[in-house]
Amino acid sequence: MRSVLIIGGSRGIGAAMVRRFAAAGDRVCFTWNRSGEAAGKLAAETGAEAIRADGTETEQTARAVRRAEETAGPIDVLICCAGVSLTKMLMDTTDEEFRRVMDTNLFGTFAAIREVLPGMFWRRKGCILTVSSIWGQDGASCEAVYSASKAAVIALTQAAAKEAAGAGVRVNCIAPGMIDTEMNDHLSPEEKEEIAGEIPLGRMGTPEDVAETAFFLAGDGAGYITGQVIPVNGGWKM
């Protein structure tokens, strides 16, 4: 039984991860910021502990980690899943929008990793997973800032993996493709169908597809995997 903390676990991919790890008997805590109703329902459903925290605030992140450790014990698995998107032309993007995306997607990931690493180093074990995107690997038109933030998550992951390997701590990144979550609700059914037609496996991914990958990477079967970017995209990028 492991202690698992999922940053941004109330909806979408994060919620699927909460369900997957809780179903396996792990002690799961997750953070939420604005989706209080969804967080409460998920906690009641899974038995996981919901902790309110704004991941862009250092002290709130520190408090969330302390609370998770009080509830579930020293963190064995940290998953950084909180994220926001921005679909907008680069030349029309404001400073405020740029900072909001970067703060949530990049700084929030950095702050959580920084908070749990000392304990993992001391115990000489642990697993950290970050969530990037297919657009962090290639970049997407009209999603320049989102793409930049997710590319930075990949670089952060790989650098952290090099720093942590000597202490037996593994750090990997998952890069989802087009996943059918609320983040993509701005797409019409026709647009989703068109995208699915471009994907070799012929469908959009599900949050559960990503959660299963996270569960594998956190397990002993992935004990020799670190510093890697694992695509979950149905073959959309090969």
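The values are calculated or read from the model by the stated rules, or taken from the named source; none is laboratory data. On a predicted model such as this, the values are computed, not experimentally measured, just so you know. When we count neighbours, we look across all protein chains shown, and the Cβ atoms used for this are built from the backbone with ideal geometry, even at glycine. Surface accessibility is based on the protein's heavy atoms, side chains included, excluding ligands, DNA and RNA. Shrake-Rupley method; radii C 1.70, N 1.55, O 1.52, S 1.80 Å.
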* Asked: Ignoring ligands, DNA and RNA, what percent of the 1.4 Å accessible area of the range 1-97 is carbon and sulfur?
  -> 47 percent
* To do: Give me the accessible area per residue for the range 1-154, probe 1.4 Å, as a whole number in Å².
  => 45 Å²
* Report, in debye and to the nearest 20, how large the dipole of the range 88-238 comes out about its Cα centre when Lys and Arg carry +1 and Asp and Glu carry -1 on their Cβ. => 1080 debye
* Structure fact -> Note on the range 64-149: contact order normalised by length, alpha-carbon pairs under 8 Å, 6 or more apart, percent, works out to 44 percent
* Asked: Counting Lys and Arg as +1 and Asp and Glu as -1, what is the net charge of the other residues whose Cβ lies under 12 Å from the Cβ of Ala211?
  -> -1
* To do: Answer with a single label: of (i) 1.02; (ii) 0.96; (iii) 1.07, which was calculated as Cα Rg over 2.2 N^0.38 Å from the structure in view?
  => (ii)
* Amide H contacts under 5 Å for Val169, placed H, 5+ residues apart -> none
* Structure fact -> Dividing the helical contributions, -39500 (n - 2.57) per DSSP H run of n ≥ 4, by the residues of the chain yields a 222 nm value, nearest 500 deg cm²/dmol, of -14500 deg cm²/dmol
* Asked: If you roll a 1.4 Å probe over the range 151-238 with all protein chains in place, what percent of the accessible area is carbon or sulfur?
  -> 55 percent
